[in-house]
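The values are calculated or read from the model by the stated rules, or taken from the named source; none is laboratory data. These numbers were taken from a predicted model, which means no experiment stands behind them. Positions of Cβ are backbone-derived with ideal geometry, glycine not excepted, and every protein chain shown enters the neighbour counts. Remember, those area values only see protein heavy atoms, side chains included, never the ligands or the DNA or RNA. Shrake-Rupley method; radii C 1.70, N 1.55, O 1.52, S 1.80 Å.
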Amino acid sequence: MHVELAGEPQQPGRQSEDFAAATPEALVLLDGSSSPAGLESGCRHGTAWYVRRLGVHLLARLTDRADRTAAQCLADAIAETAALHGARCDLSHPNTPAAMVVAARQRGAALEYAVLGDSLLVLDREDGEPRVVGDNQPFPAGEALRRQVWATAPGSPERAALHMQYALAVRAVRNSGRGPWVAAALPRAAEHAETGTVPLAGLRGVAALSDGASRYVQRYGLGTWAEAMALLADSGPAELLARVRAVESSDPQCQRWPRGKAHDDATALYARPT
């Protein structure tokens, strides 16, 4: 595969909690689950540390363990990363660092994938509309609370309080069987990834997008998925991110496009089969 990628932090000078990497045969994209300021995690390392190590371990497993499925590779990578924390981190803490995951690799004449959480894998097919995989761990019980967050002014004490309330509600149930599954410290979360294979023949391109980048279609409606994939193919991931940022800068108070953050970490990876 020929691969291009681009990423931008939520704010200049701030460390991104996204991670993306690729080889000619495999790709990974992780979107760290950020926490409101002041919310303890039980971990001395932090989310950015976690996503980078999980991403590197996952890419290694995808490339050197053909005997394991992509989901099993994710489970292995979660276990390996958990072991790196050490005894000073409380991995049973509900806010232990976590991430959404997109993983894909060439396996013979097919592309195998595993997607967990609200990051997306988009498959651009020659014989139809793009197929979107992901955003597969919704939290219906928190939807009303999330919309309350969106309805308040960015930077206000009310918004901060509601955001904290929402974050606590999600973390109380995630990876418990009563809420969303994400890649944190439990390898069995990988069992809940959306998995599959598609023939490489007939694939024009493949995109992996964190939710900060998928806003191009999902939040702002700047184009259809077919148009987004054409933009990635013609102009590359950096151009897609530039257009997302331009829209966000035109709406800093989140009034035209209600959302949790005016800007989010945004990462896009585009691969073209060769």
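List of remarks:
- Nearest-0.05 FRET efficiency for residue 256 and residue 234, computed from C-beta distance (R0 35 Å): 0.85
- Summing Cβ point charges (Lys, Arg +1; Asp, Glu -1) relative to the Cα centre of the stretch 1-127 gives a dipole of roughly 480 debye.
- When only Cα pairs below 8 angstrom with a gap of at least 6 residues are kept, the stretch 64-133 shows a relative contact order of 22 percent.
- Residues of the stretch 7-77: accessible area per residue with a 1.4 Å probe, Å²: 43 Å²
- Relative contact order, percent, the chain [alpha-carbon distance under 8 Å, six or more residues apart]: 26 percent
- Positive end of the dipole of the chain (Cβ unit charges, origin at the Cα centre): among 43, 133, 75, the Cα lying farthest that way belongs to 43.
- Accessible area of the stretch 128-199 divided out per residue, in Å², using a probe of 1.4 angstrom: 53 Å²
- Residues within the reach of a label modelled at residue 150 (point 7 angstrom out along Cα to beta-carbon, backbone nitrogen below 16 Å), restricted to the stretch 247-267, are 248, 251-264.
- Positive-end extreme of charge dipole, the chain - chosen from 101, 232, 187 (charges on Cβ): 187
- Peptides 53-62, 88-97 ranked from most to least packed give 53-62, 88-97, packing being the mean of other C-beta atoms within 10 angstrom over each peptide's residues.
- Carbon and sulfur %, accessible surface of the chain computed with the full protein complex present, 1.4 Å: 50 percent
- Cβ-based charge dipole, the stretch 49-138, positive-most Cα from 62, 92, 117: 92
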